[in-house]
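Engineer: Take this structure first; my questions come after.
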Amino acid sequence: MTSSFNSSMSTAAEPLASRREIVAAAVTVAAAVAGTTGNAQAQTPPKLRFSNPPGMSTPPTYSHVVEVDGPHRTVYLAGQTGVDATGKIAEGFRAQAVQVMENLKTALASVGGGFEHVVKLNSYLTNIETNGTEFREVRGSYFPNKQALPASTLVQVPRLANPAFLLEIEAIAILPPKA
């Protein structure tokens, strides 16, 4: 089997697409694929809303929440860390885990949702062996319905964006359409 690599994929002269452009393009493609078969009429792309809700920090390089409004609303939550709205990092693993979950709760509430709407979690810990049990306890306390737990991935990473961060969790939620 042979493979080739196209080295002209991107050059310094070519601007890279922003995250919003990539998300908008992906959502447009997904909406077109999900459209009715054989319909030659162009699909209207879903409405996108990017936000940084009150009660959370305001990052300069990404949005905490991306909401896609269509037949249902798909909400993408950026990776949350143990930082409160003032920028203070919680001390210790349990405190950071609780702050992460409270940040997710705030982000979900900003679009009318709650943990019951979360369908996927990606969790990143710097030390699963030391903190895995405590992590599962804290996470479990926010998902009391054991019959409807979200799909979940837990990965150990050598470090996060700030060396003081001990974990980060990103989420995807599905909410009913706005009335």
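Engineer: Could you tell me how far the Cα centroid of segment 52-90 sits from the Cα centroid of segment 104-179, in Å?
Structural biologist: The two parts, judged by their Cα centres, are 13 Å apart.
Engineer: Run the simple label-point estimate for residue 50 and residue 62 please: 7 Å along Cα→C-beta, distance reported in nm.
Structural biologist: Output for this residue pair reads 1.3 nm.
Engineer: 5 Å is the cut-off here: which amide hydrogens, built 1.01 Å from N in the peptide plane, fall below it relative to residue 152, excluding neighbours closer than 5 in sequence?
Structural biologist: 121
Engineer: Once fully extended, how much extra length lies between residue 174 and residue 152, figured as 0.36 nm per residue of separation less the alpha-carbon to alpha-carbon distance? Write out the running numbers ahead of the final one.
Structural biologist: On the way: separation 22, 0.36 × 22 = 7.92 nm, distance 1.49 nm.
Residue separation times 0.36 nm, minus the Cα-Cα distance, leaves 6.4 nm.
Engineer: Quick one: accessible area per residue over segment 82-178, 1.4 Å probe, rounded to a whole number of Å²? It would help to have the intermediate numbers written out before the result.
Structural biologist: Details: 5020 Å² over 97 residues.
So segment 82-178 comes to 52 Å² accessible per residue, rounded to a whole number.
Engineer: Over 22 Å between C-alpha atoms is what I'm after, so list which of 120/146; 105/146; 105/178; 146/178 land there. Walk me through the intermediate numbers first.
Structural biologist: On the way: 120/146 15 Å; 105/146 18 Å; 105/178 19 Å; 146/178 27 Å.
Violating the 22 Å limit, Cα to Cα: 146/178.
Engineer: Order 88, 105, 47, 120, most accessible first, counting only protein heavy atoms with a 1.4 angstrom probe.
Structural biologist: Working: 88 125, 105 100, 47 150, 120 55 Å².
The ordering from most to least exposed comes out as 47, 88, 105, 120.
The values are calculated or read from the model by the stated rules, or taken from the named source; none is laboratory data. None of the values given here were measured: they were computed from a predicted structure. No Cβ is skipped: glycine too gets one built from the backbone with ideal geometry, and neighbour counts run over all protein chains shown. Areas reflect the complete protein model, heavy atoms only, side chains present, ligands, DNA and RNA absent. Shrake-Rupley method; radii C 1.70, N 1.55, O 1.52, S 1.80 Å.
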